Structures are given as C-alpha cells and as structure tokens.
1. Report every pair of residues separated by at least 6 positions or lying on different chains whose Cβ atoms are under 7 Å apart, first residue within region 5-31 and part of a helix (DSSP H, G or I), second modelled with pLDDT of 70 or more.
2. With the condition kept exactly as written, say whether any residue in region 93-101 is out of contact with any helix residue (DSSP H, G or I) (no Cβ under 9 Å at 6 or more places or on another chain), over 15 Å from residue 133 (Cβ atoms) and assigned to a loop (DSSP other than H, G, I, E, B).
3. Counting only residues that are out of contact with any strand residue (DSSP E or B) (no Cβ under 7 Å at 6 or more places or on another chain), modelled with pLDDT of 75 or more and among the hydroxyl-bearing types (Ser, Thr, Tyr), how many does region 10-69 have?
4. Yes or no: region 243-262 includes at least one residue that is part of a helix (DSSP H, G or I), under 35 Å from the mean Cα position of the chain (by Cα) and either among the small types (Gly, Ala, Ser) or modelled with pLDDT of 85 or more (or both).
5. If you take the residues of region 81-95 that are in contact with a strand residue (DSSP E or B) (Cβ under 7 Å, 6 or more places away or on another chain) and over 12 Å from residue 124 (Cα atoms), which of them is modelled with the lowest pLDDT?
6. Of the residues that make up region 197-212, is at least one in a helix (DSSP H, G or I), modelled with pLDDT under 75 and over 26 Å from the mean Cα position of the chain (by Cα)?
7. For region 69-80: of the residues being within 23 Å of residue 94 (Cβ to Cβ) and within 30 Å of the chain's Cα centre (by Cα), which is surrounded by the most Cβ atoms within 10 Å (Cβ to Cβ)?
8. Those residues that are in contact (Cβ under 8 Å) with a residue 24 or more places away in the chain and among the charged types (D, E, K, R), I need them from region 66-102; list them, please.
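The values are calculated or read from the model by the stated rules, or taken from the named source; none is laboratory data. This is a predicted model, so every value here is computed, not measured. No Cβ is skipped: glycine too gets one built from the backbone with ideal geometry, and neighbour counts run over all protein chains shown.
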Amino acid sequence: MSRAAKRDPLVIGLIGILGIAVVLIGLFRLDDLPFVNSGQVGYRADFTDAGGLRTGDPVEISGIRVGAVRRIDIAANHVVIEFRVGGPVRLGSTTTAGIKVGSLLGAKYLEVEPHGSGRLAHGATIPLARTTAAYDVVEAFSQLTETAGAIDKKRVAQALDTIATTFAGSPSHVRGVLHGLATFSAAIASRDTEVKELLRHARGTTEVLARRRGDIGHLVSATNQVLAELATRRTAIHRLLVTTTALADQLDGVVTDNQATLNPALRDLHGVVTLLAQRQHQLGETVRNLDVFLRVFTNTLGSGRWFDAIIPNVGTAITLGGAR
C-alpha cells in the first residue's frame, strides 16, 4: 500500500480547511501585512465625533491624496480614527487633522496639516486639541426639516396677532410692520399641510442625494470629461457646422435653379408611385405566376443545348430532342 493511501483523510481535510482559513484571513487583513504597506506609516487621531467620515475615505494633504482611513473606533467620550500615510510625507510633532466636506453632497475626507519640527512617530495619536470635526450640511438640513415640522404654526400665528393687537396704538410704520407679520403668519397657518409636505419632501431629497453622492460625483466627472472633449474638438465641430451650412446653401441653390425641371419630374414620379400602389395586387400575382413559369422553363431547358419532352400515356418515354 502506498504512503498516500495510508494518510488519514480527516487529517488532510483539517489541514486543507486550516490553509483556506489562513488565506481568507490574509485577504481580509491584507493591508496589515508588512510587505503590502511597507511604504506607508500608520497614525491615529482623536475626534469629538466622526462627522460622517467612513472607512476607506481619502486622507489628503494640501488637496493631494496621500492615504486612506483604515479604521474608526469609539473610545470613551471620543472617536479614534486610524489612517495611513504613504509616500515621502513628513508629519511634524504638532501636526493637526480635520474632517472636511469634499462636496455639496456630503462626501468627507481627512485633511492632515503637517506642523512642527521633528517627525511624528509611527502609531502616534493626534490629540483632540489639534483636531476639528466637520459640519455636516446634509444632517443640518435634515434637522432643520424636523425642527420646522415640529413648530405649531397656529400658535405662532396667534402670538403674532396678539402682538399686533397690543401695538395697535403705536406709530403707523410700526403698525404696518406688525400687520405684515400677522398677515405672513396667517398665510403660513393656512398652508400648514402644504408646508409640512414640502419639508417632508425636502428631507427625502437630501437623504437621496446623500445616498447617491458617489453616483452624482461620477456623473459630474463624466460630464466634465465630455465638456473637455468638446472643447478640444471645437475647431472640428465648428468646421463641420460651417460645411453643413454651406452644403445646405448649395442644395437650396440647386433646387431653386432647377425648380422648373424638378416640379414636373416629381409630379410624374408621384403618378408612377400612385399607379404602382393601385396595381400592387396585380404585381404580386404576376410575380407568383412568373415564379412557376421560370421553374418549369428551367427544368425543360436544363440539359444543355437540347430540350427534353415526355408524351404521356405512352408505354415508353420518347425523348424529343432539338437544337436550341
């Protein structure tokens, strides 16, 4: 019996499963392998909140991407953000960091500003005193819709009406201002349902834009590429338009110069087309009958310079030949 046959299948199976598990763990933790990120340095930064920053978002210095956010953890009363910086980048001992808004759609990135002498040690942490969180525009609008939707418009209108009544004996310009406020509050109160619906749709719109910010960013980038290509081809496009205009002018001149000849020809062509349309059924029958005639004619004259014929009701077929 061979050595391969003596091996225990259970042991082989366990070794295979262990090897697959090691490979999967290595793939999931690929960025932690020393030979993969040999040119990158890892750091940490403490923030009061993550401000919408996500794992994988870019790390930039002066608008240039130098790394990516690796991990975001909660530690006590603050957030710890781990990130890596690659390339010939030197971070000083008093380096600052901040979460910035990358677009109007709410995309975030980590902005690092090198400061100070020396060099920030590998794995060092930038404290809260040197970090700033981002102001989320999308979240602010969402909170605005919730706050505005919770306002009792009728009570606000009653309060403004009361103020207007109290200041009834005031000068004319003051009464005019208060009367305008009362009218404005009455208009809002009468449109309470419409205002709530508008705010609800506004919140839904901001949420959709926030979810689709990546797609919209790609769309804007593609649009920029199209516009750039059009700008580079503007000379060719201008020449094409000029040539097309000249061709249209030439065709217009040809038609104008030959109008006396073209009009009778077009009328005759119209008559021919009308006649063909009226005789469409007869033309179809002619084509079908011609098909049968040509098939029989081909079979009869398909023997070279001679033709064959058979006289029916005769015991032996008689071939009649004749030169063509």
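1. Partner pairs satisfying both residue conditions: 31/70.
2. Scanning region 93-101, I find at least one residue that is out of contact with any helix residue (DSSP H, G or I) (no Cβ under 9 Å at 6 or more places or on another chain), over 15 Å from residue 133 (Cβ atoms) and assigned to a loop (DSSP other than H, G, I, E, B), so the answer is yes.
3. 1
4. yes
5. 87
6. Yes, there is a match, as at least one residue in region 197-212 is in a helix (DSSP H, G or I), modelled with pLDDT under 75 and over 26 Å from the mean Cα position of the chain (by Cα).
7. 69
8. If the condition is that a residue be in contact (Cβ under 8 Å) with a residue 24 or more places away in the chain and among the charged types (D, E, K, R), then 70, 82, 84, 90, 100 are the ones that fit.
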